[in-house]
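Readers should treat all values here as calculations from the given coordinates under stated rules, not as data from a laboratory. Given the structure is predicted, the values throughout are model-derived calculations rather than measurements. Backbone-built Cβ (ideal geometry, glycine too); neighbour counts: all protein chains shown.
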Amino acid sequence: MNLLRTTLSLLGVTIGIFAIIAVFTLVDSLERSIKDSLSFLDANNLDVGRFPYEFGPNIPWWEYIKRPYSNYEEYEYLYANLKNAESATIFASARTTVKYESSSFNSAAIVGVAQSHNEVYDMSADVEKGRYFTPAESYTAKNVAMIGYKIANDLFPRGDAIGKEIKIKGLKYVVIAVFEEEGEGIFGDTGNDQVVVIPFKSFQKIYYMGRNRGVEPRISVKGKETDFGLVELEAEITGLLRSKRGLGPKDKNNFSVNRQDAIMNIIGSTFDVIGVAGWAIGGFSILVGGFGIANIMFVSVRERTNIIGIQKSLGAKNFFILFQFLFEAIFLSLIGGGVGLLLVWLLSLVSLGNLDLVLSFSNVVLGLGVAGIIGVISGIVPALMAARLDPVIAIRTTG
C-alpha cells in the first residue's frame, strides 16, 4: 500500500481527532480552573439579594433595580429564626487603597463580614497567622482586620504585620490575621491575597449601604445536609423575609433567593456550547478522513482481489475476509487518532500561564473511540465487498 497515499488519507482523521480532543481538553481545563477559583461556592448554600443569578426571557430590570437592599437587621432576623439552617451571614465588598505609614496598596478588596461568616465559609482554615474576629469585636464594630498575603508582603516585607495599624479611608485598623498565599488564578484573580476582611458593622462606618455605588450586601445561608435540595430552607427564608418586609399575600417578592450551584450550572452550560462547537470543527475533518480511509480500502480490495480469491479457494470464510479488511480500516483510523492525541498531549506540555492543560483519560478514550467508529464506518462497505467476491472470478483477476 502506497505510504504517501495512506499518510495523506489519515491526515484528515488526525486533524479531526486533534481538533475535537484539543477543544475538549481546553474546555475541561478552563472549566476546572474556573470552578477551582469559585471553590468557595457551596451547593448547600442559598444567597439572598436583589437580583436572581439566572435570568429568563423578558427581564424586568426596573423591578429588580427598585428592590430594597438586604441589611444587617434582616440578617439578624434570619439568623435568629431559621430552623432549617446551619448558619447565616451577611457580607459586602468594595475596593480602595490600604495604607501603612508611607506605603500603600492600591485596589485592595475590602470585605465586611458578620461574626457568623466563619460558620458558613470557614475562613479560619485560610489563616496563616493570627486569628478570626471575636464576637465582641464584631458586635461593637472594632477596627480590626484580616489581610491577604500579598497586602501583608507589600506593606510589611519583614513579616511583622500582626498588631500593626493600617489605614482604610482614613480610619485605623489593627491587623489580627494574615491569610495564606493563594496565588494568581486563571483570569488574574488573586483570591484572598489582595483582600482585607473587617467586621460588617465596621464596614458600615466606611460605606453606607445603598448609597455607595457597587456596594451591595448579600445574605448567605448554609443549609442542613438533611434538607435535600434545600426546598424547606428556601421556603422558610421566603416566608420570614416576606414577613420582615411587610409584604401582603398578593405582593410579589422584592428579593431573590439564589442557589450558589446555579453559577456552576451556568458555567457548565456555557462550556457545553463550546464543546458542541468543537464537535462541529473536528467533525468536518473527520468526515474527510473517513472518506480517505474508505478510498484506501476500496483500492486495497481492488489490488488484492486475486489474493482474496486464493484465500477463499483455500477455505477462508466470508467473515474472515470481512474482519480482515474491517480490522485494517479500524487500525488505520486508530493510527490517525493516536497521532492526533499525541499532538494534543504535546500541546498540553506548552506553558499557558495560569491555565494548566491536562489531557484526561476520558478524552483519550473518547478520541480513540471516535477514531475506531470512523474506522468501522469507513471500512464496512469495502470489507463487505471483499467478503462477497466470487472466489473463481476473484482468483482470475489481476490487481
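Taking each full run of DSSP H in the chain as one helix, which ones are at least 15 Å long along their axis (Cα atoms) and have mean Kyte-Doolittle hydropathy of at least 0.0?
Taking the DSSP H segments of the chain (at least 15 Å long, mean hydropathy at least 0.0), we get 3-37, 231-244, 261-303, 318-348, 361-387.
Compute the whole-percent fraction of alpha carbon pairs in the chain spaced more than 26 Å apart.
67
Looking at the range 286-380, which trypsin sites (Lys or Arg not before Pro) are in a loop (DSSP not H, G, I, E or B) and have at most 11 other Cβ atoms within 10 Å?
Lys317
How about the range 55-127: which trypsin sites (Lys or Arg not before Pro) there lie in a loop by DSSP and see at most 12 other Cβ atoms within 10 Å?
Of the trypsin sites (Lys or Arg not before Pro), the ones in loops of the range 55-127 whose Cβ has at most 12 other Cβ atoms within 10 Å are Lys66, Lys83.
If exposed means no more than 10 neighbouring beta carbons inside 10 Å and the site is in a DSSP loop, what's the longest run of the chain without any exposed GluC sites (Glu not before Pro)?
Counting at most 10 other Cβ atoms within 10 Å as exposed, the longest clean stretch of the chain is 226-399.
Would you please give the residues with an amide H less than 5 Å from that of Gly49, counting only those at least 5 places away or on a separate chain, with H modeled from the backbone geometry?
Those lying under 5 Å, H to H, from Gly49 are Ser256, Asn258.
For the chain, what does -39500 (n - 2.57) per DSSP helix run (n ≥ 4), summed and divided by total residues, give at 222 nm, in deg cm²/dmol to the nearest 500?
When only DSSP H runs of four or more count, the value is -17000 deg cm²/dmol.
Under the definition of Cα pairs under 8 Å and six or more residues apart, what whole-number percent is the relative contact order of the range 45-256?
The value is 31 percent.
Between exposed chymotrypsin sites (Phe, Trp or Tyr not before Pro) in the chain, where DSSP calls loop and at most 16 other Cβ atoms lie within 10 Å, what's the longest gap?
No qualifying site falls inside 209-399, the longest such stretch.
Of all beta bridges DSSP finds with both residues in the chain, what is the antiparallel percent, to the nearest 5?
Approximately 80 percent, going by the DSSP bridge assignments.
Excluding residues on the same chain fewer than 8 positions from Lys172, give the aspartates and glutamates whose Cα lies under 13 Å from its Cα.
By straight Cα distance, Lys172 reaches Glu101.
Which entries of Lys169/Lys244; Lys167/Lys205; Lys201/Lys250 show an alpha-carbon separation above 23 angstrom in the structure shown?
Check vs 23 Å cut-off fails for Lys169/Lys244; Lys201/Lys250.
Just from the alpha-carbon atoms, what are the Rg and Dmax of the range 240-392 in angstroms?
Expressed in Å, the Cα Rg and Dmax of the range 240-392 come to 27.2, 94.
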